[in-house]
1. Please find, within the stretch 1-21, the residue that is surrounded by the most Cβ atoms within 10 Å (Cβ to Cβ) out of those that are within 12 Å of the ligand (Cβ to nearest atom), of a type outside the set (Asp, Glu) and within 18 Å of residue 50 (Cβ to Cβ).
2. Collect the residues in the stretch 85-105 that are closer than 20 Å to residue 11 by Cα and in a loop (DSSP other than H, G, I, E, B), keeping them in residue-number order.
3. Considering only the stretch 131-148, state which residues are closer than 21 Å to residue 43 by Cα, of a type in the set (Ser, Thr, Tyr) and touching a residue at least 60 places away in the same chain (Cβ under 8 Å).
4. Output the residue which, of all residues in the stretch 73-96 that are under 14 Å from the mean Cα position of the chain (by Cα) and within 13 Å of the ligand (Cβ to nearest atom), is nearest to residue 170 (Cα to Cα).
5. Working only within the stretch 130-158, note down all residues that are surrounded by fewer than 18 Cβ atoms within 10 Å (Cβ to Cβ) and either more than 24 Å from residue 94 (Cα to Cα) or touching a strand residue (DSSP E or B) at 6+ places or on another chain (Cβ under 6 Å) (or both).
6. Look through 189, 127, 137, 196 and report the one residue that is closer than 30 Å to residue 32 by Cα and within 16 Å of the ligand (Cβ to nearest atom).
Amino acid sequence: MNIIVTGFEPFLNNDINPTLEVLELLPKSIKGNDIITVKLPVLYDQCFEVLKPYIEKYKPGIIINLGLAANRKNICLERVALNVSNSNHEDNAGIMRIDETIVINAKNAYFSKLPLRKIYNTLNKKGIPVEISNTAGLYICNNLMYHVLHYININNLDTKAGFIHVPLMEEQVKSKLDNSLPLVTILEGVIDSIKGTLL
Ligand code: PCA
């Protein structure tokens, strides 16, 4: 089986996006399944368009999209993507979206297809800070999560797809007081999430 894992380029005042560091360190395969990594732009209109050809080519059984949530302290397994963009932050092209529907005449929301509770229990048991989050925000990450789950739905695919937000990495923060986790912990959390989805 093919597994696609995506990360995002740096954005706003985050000059490093830990999700790209994770992509670099992921093994080429997990339990005999090939890992395909894709770096995505922080652009409302293009993030999913860049990913789509990879989905069409590799027909992945699992898609895990990663994003940075600098204000969170845990690895966040996102439960839901909403069909709206609303953020006073601009994307990397300077575009701001307020109260905008992502896909017209489509479902209001999609739930993650990842086995969230199982992944949560695994990470939690190992002492990796983790939570199931009920909002992926309404910026680019929610936009991508919505597009991926919508694509799976309209194409009747049984791909297990979902979004995971990670905190800043300890290696990039200036103060010990900032929310952060060591890169190895974030990486372990992502690998265990993939393994948990495989079983
Ligand atoms: N995090 C942002 C966009 C890119 C990223 O890594 C978000 O949470 O929407």
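Quick note: the coordinates plus some simple rules give every number you see, no bench work behind them. In this text the structure is predicted, and so the values were computed from the model without any measurement. A quick note on method: Cβ atoms are made from the backbone with ideal geometry, for glycine too, and the neighbour counts reach across all protein chains shown.
1. 19
2. Selection gives 88, 89, 90, 91, 92, 93, 94, 95, 96.
3. Kept after step one, since they are closer than 21 Å to residue 43 by Cα, are these residues of the stretch 131-148: 135-148.
When the remaining residues are screened for being of a type in the set (Ser, Thr, Tyr), the result is 135, 139, 146.
Once the filter is applied, which keeps residues that are closer than 21 Å to residue 43 by Cα, of a type in the set (Ser, Thr, Tyr) and touching a residue at least 60 places away in the same chain (Cβ under 8 Å), the stretch 131-148 yields only 146.
4. Going through the qualifying residues, I end up with 76.
5. Applying the first criterion (surrounded by fewer than 18 Cβ atoms within 10 Å (Cβ to Cβ)) to the stretch 130-158 yields 131-132, 134-135, 153-158.
Matches in the stretch 130-158: 131, 132, 134, 153, 154, 155, 156, 157, 158.
6. On the way: 127 fails: within 16 Å of the ligand (Cβ to nearest atom); 137 fails: closer than 30 Å to residue 32 by Cα; 196 fails: within 16 Å of the ligand (Cβ to nearest atom).
On inspection, the qualifying residue turns out to be 189.
Here's the yes/no breakdown for (1) in contact with a Leu (Cβ under 9 Å, 6 or more places away or on another chain); (2) over 15 Å from residue 163 (Cβ atoms); (3) acidic (Asp, Glu):
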| position | (1), (2), (3) |
| --- | --- |
| 41 | no, yes, no |
| 52 | no, yes, no |
| 56 | no, yes, yes |
| 59 | yes, yes, no |
| 66 | yes, no, no |
| 70 | yes, yes, no |
| 83 | no, no, no |
| 86 | yes, yes, no |
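A quick yes/no check of all residues on (1) without any contact (Cβ under 8 Å) to a residue 40 or more places away in the chain; (2) over 16 Å from residue 23 (Cβ atoms):
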position	(1), (2)
150	no, yes
155	yes, yes
163	no, no
175	yes, yes
181	no, yes
194	no, no
